[in-house]
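Report on the structure given below.
Rule-based calculations on the coordinates, nothing more; no lab input. It should be emphasised that the depicted structure is a prediction, and the values quoted were computed from it without experimental measurement. Methodologically, a virtual Cβ is constructed for each residue, glycine included, from the backbone with ideal geometry; neighbour enumeration extends over all protein chains shown.
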Amino acid sequence: MNRKLSPVVCSLIILVHMSGIATAFPPGPGAGSAITYQGQLKFGGVELNANCDFAFRLYDAPEGGALVAEVGSEAAPVAIDVQKGVFTATLDFGDGAFDGGERWLEVLVRDSALGGAFSTLTPRQQLTAAPYALHALHGGDVTSLDEAYNKGGPGAGRTVNTNAGPLSLEGPGGLYVQGRVGIGVADPTMALEVSGGIRLRDGYIAFPDGTIQTTAAIYAAPGTEQPRGSAFWESDGIGNQTSLFPDPIDTFVGIGTANPAFPLHVIGDILADGSVRAHAFAGASPFVAEAPAGVSRLFISEISGNTAIGHTSMPMQIEPVTLLHLADDLEDPYITLEINPNDNPIGAGEAGILLRTGAAGGSLLGDISVDENMADTPLLVNAFSLNNVALVPNGGRVGIGTTTPSVRLHLRGTETFPILFESSSTDSMVTTFRNSSSAAAWEYSVSGSVGAFGGFVPAGSLYIYKAGLPDTIPLIGGADGRIGIGFRFDQGQDTPMATLHVGGVPGVDGIMFPDGTLQTTAFAGGAIDHGSLMGLLDDDHPQYVHIDGRPGGQVVDGGTVLGDTLTLRGSIVGAGPVLINPAGDANVSIGTTPTVARLQVGSIGFLAQVLASTSTSGTWLALDNSVGGGTNFQLISTGTNNGEEERKLLFGTGPAPSTVTSTIMTLDADNNHVGIGTAFPELRLHVISNSDVTAAGGGFMQLGSSAGENIGIDNNEIQARIPGGANDLAINREGGNVRLGAVSFDVNLGIGPVVPIRSIDVNDIQAVMRLDTVAHGNGSVVELRNVTAGVPAFLGAINFLNNGGVTIGQIGYLGTNDLTFRVNGLERVRIDPDGDLGIGTTTPGEKLDVIGNGRFSVSVLADTLNSDSDPADMAQDLSLQTEGTTHIFIEADTGNVGIGSPPPVVPEEALHVAGCVKADCYKLAGEKAVEVSPLSAVAASANLTMIPSPTGTMKVRPVLTGVQNVMVPINVSTSLLGTTQGLVRVRVCYRVSSSTTFINNLRARATQDNGMFVNLIDDPTNLNSSSWTCYETANLMPAATIDGPMFLQLELSVAGTGSTHEIEIGRITAFVMDI
């Protein structure tokens, strides 16, 4: 149980864990009335190791009540050594303390070393049955099991006997047995183990689930009076809802039924967390699973091993005709899978899978088989129905209508249309023919409902396309039966306009016309007349016009219907036609097709278009948008009478095509200048704007995107920016010098919101200059240089100004090589070219020349120190005086120092003081040995006897085995002459009488204000030498601060008692030092 110590006890920590167990031995001859109490004591969750004083009080109530007896008292406590939180106490409250009434134990405890008030642990602890065995010590008749048991005497395996009659156990609370009970069994392994029969005269057996059993046999076999059941469990006591019924006559077991008809008959669901195995293949015992009853779902034959799965009502005696028979009476067809049952080669007629229409032996619908007698062992589909499909894995061939395909795809049939390629794609159905040796691929296709190639090929057209011919359909068959050859995507021709429509120039031997005439040349006239191919005059064909006197085959093609494009073709190959109103869009195309604008010009030369004008105002190209809100942009090549001067290219805008109100950009041909926002650029790039650059935006120019890092520039600022604010500006980040004012000397640099009036002028909340050296041994350097001719007044200076601009401080290096320090407007310190330092003087004559008093709070190191400026005395003894009186005298020969008024003339020691010495601390170098007599050692409990020896040693003789402790006080002050003391190590000399009794831990501890301690040394080394040995602990580095009275704890491991197990302790030394 958990207890708390009273706050008044300072020797223990506030939180204590206390648990106890009280036991008693049955009294026998000389047994006495003592009980053994074992407890556990903790503080702060840590097991306690200390000597404690205890008092034990026995009460008849958990609070208040009468004091029955006590062991120990506050005046005379019981001393007990608590080790690792555990202690054991033998408590004898007397014969009459336990008379059958309730008893409660109260425990009081305190630290033995500190003494003081006791802490009462609460609540009291109730003593249970075991101590009441003491009641039997009173003697008299045996009236209870306790008395009969204890009369048997102490020890294990006691026997309780009665003189006559049965042993009667009575009590309102029943009988409670903790442990296992054996009836006729000496070593029971279960809670109750019986050798022999068990008989219930009355009542029933109740089970954990609430069910009961009142009899082991209530059901009789049919026609007999002999009970059938040997054991069963039911949910009530009147024979209903039987859960488990083993029938010993039929050796059947029923679960959920009282009439099992099978060796295992289960009514209800079965849940198995592991494997379920059925050994049913012996005799006439097939494995059958039914759901519902009478409907076989799984049938495994005990004869052939064939398996039937599915919904089938066939009698169980009918064998499945295949290894696996899948069937379902509710669905047609079902499936039968047959596998050749032997290892013979599979031949013709031995099908792997049969598809039938009904029960076994039904009409064959199809099959999948393998014929090992055929070449390459093909896989045959429908071999029995002669609708063969053959797959030849070894040759990679497929046969349809044949079992011996000779090519990759071999089709044999008698149908008129043996092959049909069909697709529902709205784009096209494509059949590709590819030869990998030439990497050539042709597509034979039919376009879908939306047309192929994005609708270029109309719906329902047949076309042939070769991969690698860009934008060309070599052959197209229109939906109306017309044929097109050489149609190109970029020419917009997608539908044949004649029975044969050739896109491009056909090469023909001649053309036969409907009237039977034959034309074999395009020449209709003389040598210079290239003919007018106008023999086709019906409305279904294009009409051509030949222009007389224009050799080269020029034609005007007007199309066939109103609105067709008017095409003018020239004689220059590749120049392209002139198209007017192509596709009815009123556009004009020159040298290119198709058009996407009102005027589109294409050229094979570098000069595609020339706009020329004789106007003195210039040649204008106006871009006008007539939509509401639109504007006009002008591109102008200025003439001699233009207000912006001639020989310029202007980009302007205005309310009308011929009106310019603003010049956006100007290109000046005379000086190659470009102006933005001005028509008169003065430099190669001249920008004018009225937008001030800020961190948020604006400026004349911007380099970079507003969505990322950019630089804004106006007429006097450069601003690096990021979205939402300012950015760092890097200049020559990859190297190179940055030069400001490279020509003029009157150039200032300002950093921060300041107008610079100095070469570098910095203004900030706190202006800081930092110089970082990343790879040089000399570090960062600030150079102040004066290259003025002659000897300047200053080579450089660092000035300190107040807020009024007045120089009040300065570090200056003069042209005379003097370094001066000015404070509050006056020179205070000077170092001359010889290295002499003057304080209060501008002409120092010594290495340190001070005008006025000097004060040193640190060491002064000097080859010579003279207070009277007499060079003759500088190599003699040194005297330090004030106002003519010597206070310190240093002897030259010995270096001894005398202090006093006057000091000793001949100091006899390194420091010789005439008078008293007062110091905050006094510190000695090295260790100090503190000798400790072992005669001061004391035992931490009565379990040890301390025997002093005339030789000054202390013998420790154990009275009780176990872990014991010896405490030795060490008289070391926490501070010596103002200096804190620290423990370095401990040395202990000892010898033991027995190797089984030794010192197993050496601890040095310092007692604290709260009654606890701090471990300074904890050395668990076993010290078991039988001869005198001195053991030293390892040095503590740094030394452990001694912050309280120090003592040594020697933890002993005691295996025996008396003089043969004595430990003798000799000289003890503690090594301490000033820290």
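Explain nothing, just compute: Karplus ³J(HN,Hα) = 6.51 cos²θ - 1.76 cosθ + 1.60, θ = phi - 60°, for every residue of the stretch 438-454 in order, whole Hz, x for Gly and Pro.
9, 6, 9, 9, 10, 10, 10, 9, 10, 6, x, 5, 9, x, 8, 6, x
Report the residues of the stretch 771-794 in range of a label on residue 747: point 7 Å along Cα→C-beta, backbone N strictly under 16 Å from it.
none
Compute the length gained on full extension between residue 974 and residue 495: take 0.36 nm times their separation in residues and subtract their Cα-Cα distance, giving the result in nm to one decimal. Mind showing how you got there, number by number?
On the way: separation 479, 0.36 × 479 = 172.44 nm, distance 11.49 nm.
Taking residue 974 through residue 495 to full extension adds about 160.9 nm, to one decimal.
Test of the criteria: in the stretch 979-1075, which chymotrypsin sites (Phe, Trp or Tyr not before Pro) are in a DSSP loop and have at most 13 other Cβ atoms within 10 angstrom of their Cβ?
Those that pass, being in a loop and sparsely packed, are 1028.
For the stretch 916-927, in order, what is each residue's ³J(HN,Hα) by Karplus, 6.51 cos²θ - 1.76 cosθ + 1.60 with θ = phi - 60°, in whole Hz (x at glycine and Pro)?
7, 10, 10, 9, 5, 8, 9, 10, 9, 7, x, 8
Rg (Å, one decimal) plus Dmax (Å, integer) for the alpha carbons of the stretch 427-506?
12.3, 38
Residue 1067: net charge of surrounding residues, Cβ under 15 Å, Lys/Arg +1, Asp/Glu -1, itself excluded?
Numbers: positive: 955, 985, 987, 991; negative: 931, 1032, 1064.
My count for the surroundings of residue 1067 gives +1.
How high is the relative contact order of the stretch 911-967, in percent, with contacts defined as C-alpha pairs under 8 Å that are six or more residues apart?
Details: 52 pairs, mean separation 16.6, N = 57.
Taking the mean separation of contacting Cα pairs over the length of the stretch 911-967, I get 29 percent.
Treat each spin label as a single point 7 Å out from the Cα along the C-beta direction, and report the residue 824 to residue 63 distance in nm.
In this crude spin-label approximation the distance works out to 7.8 nm.
Sticking with the crude label model, points 7 Å out along Cα→Cβ, report the distance from residue 415 to residue 769 in nm, one decimal please.
9.9
Calculated FRET efficiency, residue 837 and residue 701, Cβ-Cβ r, R0 60 Å, to nearest 0.05?
Numbers: r = 59 Å, r/R0 = 0.99.
So the FRET efficiency works out to roughly 0.50.
The stretch 909-970: which GluC sites (Glu not before Pro) are DSSP loop and have at most 13 other beta-carbon atoms within 10 angstrom? Intermediate values should be presented prior to the final figure.
Numbers: sites: 909, 927, 931; in loops: 909.
Passing sites in the stretch 909-970 are 909.
Please list, in chain and number order, the residues 5+ apart from residue 795 or on another chain whose amide H is under 5 Å from its amide H, with Hs placed from the backbone.
813, 814, 815
Out of the stretch 586-670, which trypsin sites (Lys or Arg not before Pro) are coil in DSSP terms and have no more than 11 other C-beta atoms within 10 Å?
Those that pass, being in a loop and sparsely packed, are 598.
Expected output is a single nm value to one decimal: the length gained when fully extending between residue 1028 and residue 76, i.e. 0.36 nm times separation in residues minus the C-alpha distance. What is it? Don't skip to the answer; put the middle values down first.
Working: separation 952, 0.36 × 952 = 342.72 nm, distance 3.86 nm.
Computed gain between residue 1028 and residue 76 is 338.9 nm.
Nearest 0.05, what FRET efficiency do residue 691 and residue 794 give at R0 = 30 Å with Cβ-Cβ as r? Before the final figure, lay out the partial values.
Working: r = 47 Å, r/R0 = 1.57.
Here the calculated transfer efficiency is 0.05.
What number comes out for the charge environment of residue 634, summing +1 per Lys or Arg and -1 per Asp or Glu over other residues with Cβ under 14 Å away? Please list the in-between numbers first.
Values: positive: 648; negative: 624, 644.
Around residue 634, the surrounding residues sum to -1.
What full-extension length gain, to one decimal in nm, is calculated for residue 47 and residue 664 as 0.36 nm per residue of separation minus the Cα-Cα distance?
Values: separation 617, 0.36 × 617 = 222.12 nm, distance 9.18 nm.
My answer for the length gained is 212.9 nm.
Suppose R0 equals 35 Å. What FRET efficiency, 1/(1 + (r/R0)^6) with r the Cβ-Cβ distance, do residue 1035 and residue 117 give to the nearest 0.05?
On the way: r = 41 Å, r/R0 = 1.16.
For residue 1035 and residue 117, the calculated efficiency is 0.30.
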